[in-house]
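A short worksheet on the structure shown next.
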Amino acid sequence: MTVSVKICGLSTEDTLEAAICAGTDYAGLVFFPKSPRNVSVDRAAELATLARGRIAIVALTVDADDALLEAIKTRVAPDFFQLHGRESAERVAEIRRRFGTRIIKAVKVGSLDDIEASRVFEPTADIVLFDAPPPRAPDALPGGNGISFDWTWLAKAQPRPDFMLSGGLDPDNVRLAIATSCARSVDVSSGVERAPGVKDPDLIARFVRAAKHLEPVAATAAEEDRHGPHR
Ligand SMILES: O=C(O)c1ccccc1NCC(=O)[C@H](O)[C@H](O)COP(=O)(O)O
């Protein structure tokens, strides 16, 4: 089984290209002004031009109103909206109906009960993404905090199997996270950054290889003569 990978909070051409070349399946663009990963609609439209048809484009919003969703839909034309706020099941259904865009609904998991409660999103969300709750600090971001939750809860609760696992993943722990939770899709943000909001192409490549169980490619001497060193 191949695991799908989403890299969230991409904001430059270079790191988007690195994610695509590494074999990433979903590129997350964050529309949340307080985030170091925030992109404007204009910037996102530029990045989407590079990404379209090569990687699924995910527009992440937090309790967005219809005006923002409309602007993103028109200018960016994402493949998915990721709803990362307190959107109800009714609001998820309304957004899906009104905009005709597939939905990733983020659910914050502080206990096994939160996974049980997330079943309310299964009829309308195309993917339910399980993330850790943010820290209690007043200025904490709703996501991208590098915090994980107990992955065994997912194996116990057995949500719909196409869920996406998120929260505190990195190249070193993602294999264990997949093995423990039975996730078929994983999402990462700060675990592939060298500073808040600054994605690292090497960490992106390492994360994708680890999640998809791909080994680093060792070029033969003859190949290196012909094409130059691979790394
Ligand atoms: O990443 C952000 O800055 C962000 C801001 C506001 C809402 C959500 C945000 N990120 C959500 C994501 O999908 C992250 O990838 C997810 O929370 C995991 O982050 P991390 O633990 O840093 O890998």
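Just to check your reading of the model, which residue among VAL30, VAL3, VAL41 is in contact with a Leu (Cβ under 6 Å, 6 or more places away or on another chain) and of a type in the set (Val, Ile, Thr)? Step through it out loud before you land on a result.
On the way: VAL3 fails: in contact with a Leu (Cβ under 6 Å, 6 or more places away or on another chain); VAL41 fails: in contact with a Leu (Cβ under 6 Å, 6 or more places away or on another chain).
Just a single option satisfies the conditions, and that option is VAL30.
Can you tell me how many residues within the stretch 42-65 are hydrophobic (A, V, I, L, M, F, W, C), within 16 Å of the ligand (Cβ to nearest atom) and closer than 27 Å to ARG91 by Cα? I'd like the intermediate steps shown before the answer.
Restricting attention to the stretch 42-65, the residues satisfying the condition of being hydrophobic (A, V, I, L, M, F, W, C) are 44-45, 47-48, 50-51, 55-60, 62, 64.
Next cut, within 16 Å of the ligand (Cβ to nearest atom) only: 44, 47, 55-60, 62, 64.
Pick out the ones that are also closer than 27 Å to ARG91 by Cα and you get 44, 55-60, 62, 64.
Qualifying residue count for the region: 9.
Select from the stretch 141-185 the residues that are of a type in the set (Asp, Glu) and out of contact with any helix residue (DSSP H, G or I) (no Cβ under 7 Å at 6 or more places or on another chain) and write down the one among them that is farthest from the ligand (Cβ to nearest atom).
Ranking the candidates gives ASP162 first.
Here is a check on your reading of the model: is PRO138 at pLDDT below 95 and either within 16 Å of the ligand (Cβ to nearest atom) or under 18 Å from the mean Cα position of the chain (by Cα) (or both)?
yes
In this structure, does VAL107 turn out to be at pLDDT 95 or above, more than 23 Å from THR15 (Cα to Cα) and either small (Gly, Ala, Ser) or not in a helix (DSSP H, G or I) (or both)? So that I can check it myself, show each step before the final result.
Details: at pLDDT 95 or above: yes; more than 23 Å from THR15 (Cα to Cα): yes; either small (Gly, Ala, Ser) or not in a helix (DSSP H, G or I) (or both): yes.
Against the criterion (at pLDDT 95 or above, more than 23 Å from THR15 (Cα to Cα) and either small (Gly, Ala, Ser) or not in a helix (DSSP H, G or I) (or both)), VAL107 qualifies.
The values are calculated or read from the model by the stated rules, or taken from the named source; none is laboratory data. The structure presented is a predicted model; accordingly, all values stated were derived computationally and were not measured. Positions of Cβ are generated from backbone atoms using ideal geometry, with glycine treated the same way; all protein chains shown enter the neighbour counts.
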